[in-house]
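The structure under discussion appears below in the form of structure tokens.
The values are calculated or read from the model by the stated rules, or taken from the named source; none is laboratory data. Being a predicted model, the structure only gives us computed values, none of them experimental. Cβ placement follows ideal geometry from the backbone for every residue including glycine, while neighbour counts extend to all protein chains displayed. In case anyone asks, the SASA skips ligands and DNA or RNA and just uses the protein heavy atoms, side chains included. Shrake-Rupley method; radii C 1.70, N 1.55, O 1.52, S 1.80 Å.
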Amino acid sequence: MSTLSSTFLQASHPTLHHKPYTSPTSSIRCCSCDQTSHVHVDKNNVVENSSTIRPPRPRRIILVRHGQSEGNVDEGAYTRVADPNIALTEKGLKEAAECGHVIKEMIKKDGADDWKVYFYVSPYRRARETLRNVGKAFGRSRIVGLREEPRLREQDFGNFQDREQMKIQKAARHLYGRFFYRFPNGESAADVYDRITGFRETLKSDIDVGRFQPPGEQSPNMNLVIVSHGLTLRVFLMRWYKWTVKQFEGLNNMNNGSVMVMERGHGGRYSLLMHHTKEQLREFGLTEEMLTDQE
């Protein structure tokens, strides 16, 4: 864990120290005489190599949009402060703290004793401040660790933004299309899609090797929490569920400090319907076809 990452956790839990974790498969070698790789033959003569057994997948992937920021209440803030340095408002800090309690109570309802959380966070200030306040709801023993992930940053709209030009650019985006329109010196949602695709592969790899599991543990009650931004999280869901551009453009933003929960359902697939109602997902923008796919 980086020094900055340690600071995030210690802000809420000064005594928490992160220990490096070793992948469960890191000691397995190709050599046939390696004693760390075992072959098991069950009563049906089915050969199973322990080196191919994957850790249990996390119970949930919880998406958190940062709390209310200074830019949410005054777009003029972006003309004075660089986007990565936009802070939360007092309301945003409270929203983040409340979000932490909501997540904790949701997990506790599972009735499991060994549940844990692992965080991925955008490096933008408003996301990091959200994480610090979300983390206050959890005891130090429940937080396995975190990773700051630059690919989870918000869509780039340019550097210090000209307020009048942004109005013109947003109007042009409406005509051109929300997904493909690229802001001058910035990104389109399609550009965000490309970097989120890379993050998804990293996340999949982390899940497959159980990188966030404490040494010697293989708990199915791990919960991953991704703290990021409105458009970035919509793009993440689009990429995960293979939604079309048209379906993406029909989605609405999550509220500040709110969560979208992907939970393991039948067959182990992550479904939004395990936690959210159909009506809630319709309000978010899911069509009947998208709801059927979630089932």
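Before we move on, is VAL134 over 15 Å from HIS66 (Cα atoms) and either open to solvent by less than 30 Å² (accessible area, probe 1.4 Å) or in a helix (DSSP H, G or I) (or both)? Reasoning before the result, please.
Values: over 15 Å from HIS66 (Cα atoms): no; either open to solvent by less than 30 Å² (accessible area, probe 1.4 Å) or in a helix (DSSP H, G or I) (or both): yes.
In short, no.
Look through LEU286, LEU203 and report the one residue that is more than 27 Å from ILE143 (Cβ to Cβ), surrounded by 15 or more Cβ atoms within 10 Å (Cβ to Cβ) and touching a residue at least 12 places away in the same chain (Cβ under 8 Å).
Working: LEU203 fails: more than 27 Å from ILE143 (Cβ to Cβ).
Of LEU286, LEU203, the one residue that is more than 27 Å from ILE143 (Cβ to Cβ), surrounded by 15 or more Cβ atoms within 10 Å (Cβ to Cβ) and touching a residue at least 12 places away in the same chain (Cβ under 8 Å) is LEU286.
Can you spot a residue in segment 172-189 that is within 18 Å of the chain's Cα centre (by Cα), under 24 Å from ASN85 (Cα atoms) and open to solvent by 30 Å² or more (accessible area, probe 1.4 Å)? If you could, list the steps in order and put the result at the bottom.
Here is the first cut: in segment 172-189, the ones within 18 Å of the chain's Cα centre (by Cα) are 189.
Then drop every residue that is not under 24 Å from ASN85 (Cα atoms), which leaves 189.
In the following step, the residues that additionally are open to solvent by 30 Å² or more (accessible area, probe 1.4 Å) were identified as none.
No, there is no match, as no residue in segment 172-189 is within 18 Å of the chain's Cα centre (by Cα), under 24 Å from ASN85 (Cα atoms) and open to solvent by 30 Å² or more (accessible area, probe 1.4 Å).
Could you identify the single residue in GLY230, GLY210, GLY216 that is farther than 30 Å from HIS174 by Cα, surrounded by 16 or more Cβ atoms within 10 Å (Cβ to Cβ) and small (Gly, Ala, Ser)?
Details: GLY230 fails: farther than 30 Å from HIS174 by Cα; GLY216 fails: surrounded by 16 or more Cβ atoms within 10 Å (Cβ to Cβ).
Criteria check complete, one pass: GLY210.
Sort out which residues of segment 78-92 are open to solvent by less than 50 Å² (accessible area, probe 1.4 Å) and outside any loop (DSSP other than H, G, I, E, B), and write them in order of number. Walk me through how you get there before you give the answer.
The first filter runs over segment 78-92 and keeps only residues open to solvent by less than 50 Å² (accessible area, probe 1.4 Å), leaving 78, 81-83, 86-89, 92.
Selection gives TYR78, ASP83, LEU88, GLY92.
How many of the residues in segment 110-131 are outside any helix (DSSP H, G or I), in contact (Cβ under 8 Å) with a residue 24 or more places away in the chain and open to solvent by 10 Å² or more (accessible area, probe 1.4 Å)?
8
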| Tally time: how many residues in segment 248-257 are open to solvent by 30 Å² or more (accessible area, probe 1.4 Å) and within 24 Å of GLU288 (Cβ to Cβ)? | 5
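Can you work out which of the residues in segment 168-190 that are in a helix (DSSP H, G or I) and in contact (Cβ under 8 Å) with a residue 12 or more places away in the chain is nearest to ARG54 (Cα to Cα)? Step through it out loud before you land on a result.
Step one: of segment 168-190, the residues in a helix (DSSP H, G or I) are 168-176, 189-190.
Now narrow it down to the ones that are in contact (Cβ under 8 Å) with a residue 12 or more places away in the chain: 169, 189.
Details: GLN169: 47, ALA189: 34 Å.
Here the answer is ALA189.
Can you find, within segment 233-245, the residue that is farthest from PHE179 (Cα to Cα) among those that are of a type in the set (Val, Ile, Thr) and open to solvent by 40 Å² or more (accessible area, probe 1.4 Å)? Spell out the reasoning first.
Filtering segment 233-245 down to residues of a type in the set (Val, Ile, Thr) leaves 235, 244-245.
Still in the list and also open to solvent by 40 Å² or more (accessible area, probe 1.4 Å): 244-245.
Numbers: THR244: 10, VAL245: 7 Å.
Once the filter is applied, the top-ranked residue is THR244.
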